[in-house]
1. Working only within region 46-76, note down all residues that are under 25 Å from the mean Cα position of the chain (by Cα), crowded, with 20+ Cβ neighbours inside 10 Å and not acidic (Asp, Glu).
2. Among the residues of region 377-400, count how many are over 19 Å from the mean Cα position of the chain (by Cα) and over 19 Å from His95 (Cα atoms).
3. Inside region 367-423, can you point out the residues that are assigned to a loop (DSSP other than H, G, I, E, B), hydrophobic (A, V, I, L, M, F, W, C) and in contact with a Ser or Thr (Cβ under 7 Å, 6 or more places away or on another chain)?
4. Of all residues in region 370-387, which are farther than 19 Å from Gln424 by Cα and open to solvent by less than 10 Å² (accessible area, probe 1.4 Å)?
5. Within region 159-189, restricting attention to residues that are at pLDDT below 85 and not aliphatic (A, V, I, L, M), which residue is least open to solvent (accessible area, probe 1.4 Å)?
6. I'd like the full set of residues that are part of a loop (DSSP other than H, G, I, E, B), modelled with pLDDT of 80 or more and open to solvent by less than 10 Å² (accessible area, probe 1.4 Å), limited to region 190-215.
7. Which residues, counting only those in region 423-455, are of a type in the set (Gly, Ala, Ser) and more than 20 Å from Val43 (Cβ to Cβ)?
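The values are calculated or read from the model by the stated rules, or taken from the named source; none is laboratory data. The model shown is predicted, which means the values in this text are computed figures rather than measured ones. Counting neighbours? That spans all protein chains shown, and the Cβs are built from the backbone with ideal geometry, glycine included. Accessible surface areas use protein heavy atoms only, side chains included; no ligands, DNA or RNA. Shrake-Rupley method; radii C 1.70, N 1.55, O 1.52, S 1.80 Å.
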Amino acid sequence: MKTVTRRDFLRATVQSAAALGAMNAFGRIGALAAGASPYQALVCVFLAGGNDGHNTVVPNDAAGYTTYKNARQGLALKQSSLLPISNNGAAYGLHPSLTDLQQIYNQGHCAVVANVGNLVRPLKSGEKLGNAPATDLPTALFSHSDQTSQWQSADPTGLSATGWGGRSMDTITGQNGSAVFPAITSTGGCGLFCTGGTAASVPATVPPSYSSGGAPTGIVGLNTAPAGAAAAAAVQLLIQSGGENLQLVQAANGILGRGNQYATTLSKLLQTNQISTPFPATANNPLAGQLLAVANIMAVRNQLGLTRQIFFCQLGGFDTHGDQAATQQALLAQFGSALGAFYKATQELGLEQSVTTFTASEFGRTLQPSGSDGTDHAWGNHHFVMGGAVQGGRFYGSFPSLVLGGANDANSRGTLIPTTAAAQYGATLAQWFGVPQGSLAAVFPPLANFQQQNLGFLG
């Protein structure tokens, strides 16, 4: 049996604190603002693994569906199962699991942004993977880890230490002048997206507690009766004892103290300030649990002193090399019902115009199946943007040709060359959020290579 040293204990304690709200080793968030601003929030829902956009948004006219069916082969959805939507009079269909999104789309509060992906610059007609200069293509194009980092950092040519969510918050730090809680919150294991370059953009992580309706309950062991007081005293003795690990002890003390402070503050507020909108059972739908936690935190935004917030949620399992039909059906059912409940929660809070929810995923998947029941890593993908400020009920960007080996195919398997850059997509969201025009180039390095820097899906 391994002996647990004091260093091991401190490391585990710090990790526990961080997972429940530790942040900002440099003090309170942004004490620069003189007055409150109207509330706005961005909520990123990351579909980890690479969601198959081809079976999420499908052409539903006779010719378009036939082309889709020929390329998809055994993975093609039955046309009769598609949920009808329209894009400027053209017929499309959503995956049959997305009934909630179909309703919100038809109400004009959800849009599809078509064929989005990491791009350094627009690829010219005829350029494909085999003949475009390597320096003009994203690095490690089909790698999960690299493409996730590039999506979240908005840097398609290398590794970045920060993400575009964090950098966006860096530019508007002063708008949260009276905040007593981090402006960026993750409920689903945020990576680069949440990380900025200043103390003001250090994120908090608030994992939803499924047994308490999504409300965080503080650091386990320090707030749990009957042993909580004794555990807290023991931890304090350990982290205050200096010795050879003085710097580690000081760091642990600060992180643990702040983590417990933020967790306790939030927990107390949520005991009497939780929304009443019903959500799907969180034990069977982890995304619903995350979005319920987000809605509950929004409910106490005024007490936390926050007028700008960014949230990161994640649903995994979309790496469907096999058994795709059943796997994606179950995952999209969770996704759709969770987003439907969350939109209703923003209406309950009177925030539907102030909250914009958007999807991201590291890449799309091949149009042509691999074998008969799965797909491989690809490039461009379709995404949803939802909220009262969304100019919805239509598509943005160019829906691609689904002909294998055609104009939009990077090879011959339906690896779509994106027609909209992830930087353009993110910049549109960031501008609505309040990022100044002059800061966009720093937040989205490739943006200068694209003529259109706002796609227009937000009013």
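1. Phe46, Leu47, Gly49, Gly50, Asn51, Gly53, His54, Asn55, Thr56, Val57, Val58 - these are the residues of region 46-76 that are under 25 Å from the mean Cα position of the chain (by Cα), crowded, with 20+ Cβ neighbours inside 10 Å and not acidic (Asp, Glu).
2. Pass one, region 377-400, residues over 19 Å from the mean Cα position of the chain (by Cα): 377-378, 391-400.
Filter again for over 19 Å from His95 (Cα atoms), leaving 377-378, 391, 397-398.
Qualifying residue count, region 377-400: 5.
3. Result: Ala378, Trp379, Ala389, Leu402, Val403, Leu404, Ala407.
4. Of the residues in region 370-387, the ones farther than 19 Å from Gln424 by Cα are 370-378.
Matches in region 370-387: Gly374, Thr375, Ala378.
5. Within region 159-189, the match that is least open to solvent (accessible area, probe 1.4 Å) is Asn176.
6. Within region 190-215, Val206 is the sole residue that qualifies.
7. Pass one, region 423-455, residues of a type in the set (Gly, Ala, Ser): 423, 426-427, 430, 434, 438-439, 441-442, 448.
Listed by number, the residues that qualify are Gly438, Ser439, Ala441, Ala442, Ala448.
The rows are residues; the columns are (1) of a type in the set (S, T, N, Q); (2) in contact with a helix residue (DSSP H, G or I) (Cβ under 9 Å, 6 or more places away or on another chain); (3) farther than 28 Å from Gln290 by Cβ.
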| site | (1), (2), (3) |
| --- | --- |
| Val116 | no, yes, no |
| Gly130 | no, no, yes |
| Pro133 | no, no, yes |
| Ser145 | yes, no, no |
| Leu159 | no, yes, no |
| Ile172 | no, yes, no |
